[in-house]
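Reviewing the structure listed below.
Taken together, the values in this text are just the output of simple stated rules run on the coordinates, not laboratory data. These numbers were taken from a predicted model, which means no experiment stands behind them. Positions of Cβ are backbone-derived with ideal geometry, glycine not excepted, and every protein chain shown enters the neighbour counts.
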Amino acid sequence: MTGQIVQRFVSNNQEVSKGQKLFQIDPAQYKLAVQKAEVGLATAKAEEASLYANLAAAKANANKAGADALNSEKNYSRTQTLFARKLVSESELDTARTRAQVAKDNHSAATKQVEALESKLGAKPGESNMVKSAQNALAIARLNLARTLVTAPSDGIVSNIQYDIGTEAAAGHPVLSFIPSDTLWVSADFRENLSPIFHQTPSHWLPSMHYRVKCFH
């Protein structure tokens, strides 16, 4: 996280417990980001609700257009029969044909509008892409805010502190070292003529910067 350190809770070479506060980065900008994301989510939900209302209207329109297309097609079919019997003019036949085609095109357009609206919405309210995107943005904003309070990941010792109140913290630039107490790796090089000693002795005393001399097995 990036920001100015506004609180310091530990000192150099201090033993800490898991979850203990180490330092606090100024949370002001991150709180604003959360508020902005909350507004964005509310806006997305309102837009989604509007789309659902539009979808209901589009479905009603598609149903009506479908019924009109069916009636127009039936009327055209009847007009064709009457024309064959020379009971209606060719002009009336053309009019019936045109109306049937227009009604068919209207139904197709209304159906495509329904499909377009459905593609923007999920299976149920709250699952549209716009709402999911806004929810993810809010989750990230809240996570970033939570990360402004840096805590110990486990029991251990804090050392090499390179910050104080007012220091600018930035990602990728460590401001302290943390040595976990539940895991300790020791790397050592020994001469070959000393190896028999270690084969005969199962326990060894090793010095440490932060622990009093302790026997490690």
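Distances between placed amide hydrogens fall under 5 Å for Ser177 paired with Ser159, Asn160, Ile161, all partners being 5 or more residues away or on another chain. A simple rule links phi to the HN-Hα coupling: the Karplus curve 6.51 cos²θ - 1.76 cosθ + 1.60 with θ = phi - 60°, which for the range 38-43 gives 5, 5, x, 5, 4, 5 Hz, with x for Gly and Pro.
For the range 50-129, the dipole from Cβ point charges (+1 on Lys and Arg, -1 on Asp and Glu) about the Cα centre works out to 200 debye, to the nearest 20. Residue-wise HN-Hα couplings along the range 135-145, as the Karplus relation 6.51 cos²θ - 1.76 cosθ + 1.60 with θ = phi - 60° gives them from phi, are 5, 5, 4, 5, 4, 5, 5, 5, 5, 4, 5 Hz; Gly and Pro carry x. Close amide H contacts of Asp26 (hydrogens built in the peptide plane, cut-off under 5 Å, sequence separation of 5 or more or a different chain): Gln4, Ile5, Val6. Straight-line reach from Lys64: taking Cα to Cα under 19 Å and skipping same-chain neighbours fewer than 8 places apart, the lysines in range are Lys74, Lys104, Lys112.
The amide H of Thr151, built 1.01 Å from its N in the peptide plane, has Leu22 as neighbours under 5 Å, considering only residues 5 or more places off or on other chains. Listed values for the range 90-105 are Karplus-derived 3J(HN,Hα) couplings in whole Hz (6.51 cos²θ - 1.76 cosθ + 1.60, θ = phi - 60°), namely 5, 4, 5, 5, 4, 5, 5, 5, 5, 5, 5, 5, 4, 5, 5, 5, and x replaces Gly and Pro.
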